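Engineer: Pasting a structure here, questions to come.
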Amino acid sequence: MSVSPPILHGGRIDLARAHFPQAPEPWIDLSTGVSPYPYPFPPLAPEVFTRLPDVAALAELERIAAIAYRAGPQAQVVAGAGTQAFIQSLPRIRPARRVAVLGLTYEEHAAAWRAAGAEVARVETLEEIAAAEVGVVVNPNNPDGRLEPAARLAETARAMAASGGLLIVDEAFADFLPAEASLAPRAGEESLVLLRSFGKAYGLPGVRLGFALCGAGLAERLRAILGPWSVSGPALAIGAAALADAPWLAGRGLVLAQDAARLDGLLAIAGFEIIGGTSLFRLVRHAAADRWFAHLARCGILTRRFGERPDRLRFGLPAAPAAWERLARALESGRNGL
């Protein structure tokens, strides 16, 4: 029996190191959309490691998350080990034959539904999403940052409710957008499930924490399939501290916007066409994108490339002054040498 190749992600420094063994160390990983500014969580009590995760701590984390995300009064907030846990669980608790995914986006949603036996179509309009049994919209989209207005998504959810459909809106990169861009106030409706990622905005993807905001019926089924202890003790403690710290997040948002503008300038000078992104990453186009990828990798800088769009690369944000300097030098040498 043949096995499909794994979905390619950013963050695989091990593979990059194997393919480019002469690259200087340490590698600079710009292949993910993770903030370069990790939340400075306080020292953790030994009990979060030595005891099973506490049920009361889970409930408190979900309460804090509901406030941080401005969830509607009817919404249930379910915590899990990253949004990936929900992406893989939803097809099991809400089977569907026809699933529509809006536009070119990252592949995990489509892969999970196909693995469950659904026919998955990539579509270009919200009207096509509404006609499916299950619709998936990544908002803002990864990798191009496309943003659908919340009012239009709410209309789509209402249209799907009339036929018993479900709209999944993945807001993994919405933390630095205005509050009105999110569908969180409507998340209690049974025709809608909203996914939020913790690790990207807070620079802590290794914590493995994410949330589903949804109606009571779907929340009950999600909790049942995730089982007990779905979130580790350290993740409960770190998540609760970070999500309650609104001033820190607002401050990081301002810095990230400045960093993204700085990155735009470097990429434009190197000859890249900036075609989209968010404050955590930029998507660019270049006729020699494959050669740029290899050149940057030989400089110890990993970017994200796309097999379906070979003329595109995605750049995350460098984490420190030395990383910015290395990126600038690599872009300059590539501009002069490619």
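The values are calculated or read from the model by the stated rules, or taken from the named source; none is laboratory data. Fair warning: this is a prediction, and the values are worked out from it, not measured in the lab. Cβ atoms come from the backbone with ideal geometry, glycine included; neighbour counts cover every protein chain shown.
Engineer: Output the number of residues of the range 180-208 satisfying the condition of being under 27 Å from residue 319 (Cα atoms) and either without any contact (Cβ under 8 Å) to a residue 12 or more places away in the chain or touching a strand residue (DSSP E or B) at 6+ places or on another chain (Cβ under 7 Å) (or both).
Structural biologist: Looking only at that region, the number is 5.
Engineer: Which of the following residues is touching a Phe, Trp or Tyr at 6+ places or on another chain (Cβ under 8 Å) and surrounded by fewer than 16 Cβ atoms within 10 Å (Cβ to Cβ): 338, 302?
Structural biologist: None of the others qualify; the one that does is 338.
Engineer: Same structure again: Select from the range 290-338 the residues that are of a type in the set (Gly, Ala, Ser) and over 19 Å from residue 258 (Cα atoms) and list them in ascending order.
Structural biologist: 294, 297, 300, 307, 330, 333, 334, 337 - these are the residues of the range 290-338 that are of a type in the set (Gly, Ala, Ser) and over 19 Å from residue 258 (Cα atoms).
Engineer: For the structure I just gave you, tell me whether residue 207 is in contact with a helix residue (DSSP H, G or I) (Cβ under 7 Å, 6 or more places away or on another chain), over 28 Å from residue 154 (Cβ atoms), at pLDDT 95 or above and not charged (D, E, K, R).
Structural biologist: When the stated conditions are applied, residue 207 passes them.
Engineer: Which residue, of 88, 84, is touching a residue at least 60 places away in the same chain (Cβ under 8 Å) and within 30 Å of residue 245 (Cβ to Cβ)?
Structural biologist: It is 84.
Engineer: May I pose another question? Go through the range 74-125 and tell me which strands (runs of 3 or more DSSP E), entirely inside it, have 3 or more residues that are out of contact with any Gly (no Cβ under 8 Å at 6 or more places or on another chain) and at pLDDT 95 or above.
Structural biologist: Result: 119-123.
Engineer: Please find, within the range 224-244, the residue that is farthest from residue 43 (Cα to Cα) out of those that are surrounded by 17 or more Cβ atoms within 10 Å (Cβ to Cβ) and of a type outside the set (Gly, Ala, Ser).
Structural biologist: 226
Engineer: Now, a different point. In the range 123-146, which residues are over 20 Å from the mean Cα position of the chain (by Cα) and of a type outside the set (A, V, I, L, M)?
Structural biologist: 124, 125, 127, 128, 133
Engineer: Mind listing just one residue for me: the one in the range 264-305 that is part of a helix (DSSP H, G or I) and charged (D, E, K, R) and, of those, nearest to residue 22 (Cα to Cα)?
Structural biologist: Among those that are part of a helix (DSSP H, G or I) and charged (D, E, K, R), it is 298.
Engineer: A further question on this structure: Taking the criterion of being touching a residue at least 24 places away in the same chain (Cβ under 8 Å) and in contact with a Pro (Cβ under 7 Å, 6 or more places away or on another chain), would at least one residue in the range 149-157 satisfy it?
Structural biologist: Among the residues of the range 149-157, not one is touching a residue at least 24 places away in the same chain (Cβ under 8 Å) and in contact with a Pro (Cβ under 7 Å, 6 or more places away or on another chain), which makes the answer no.
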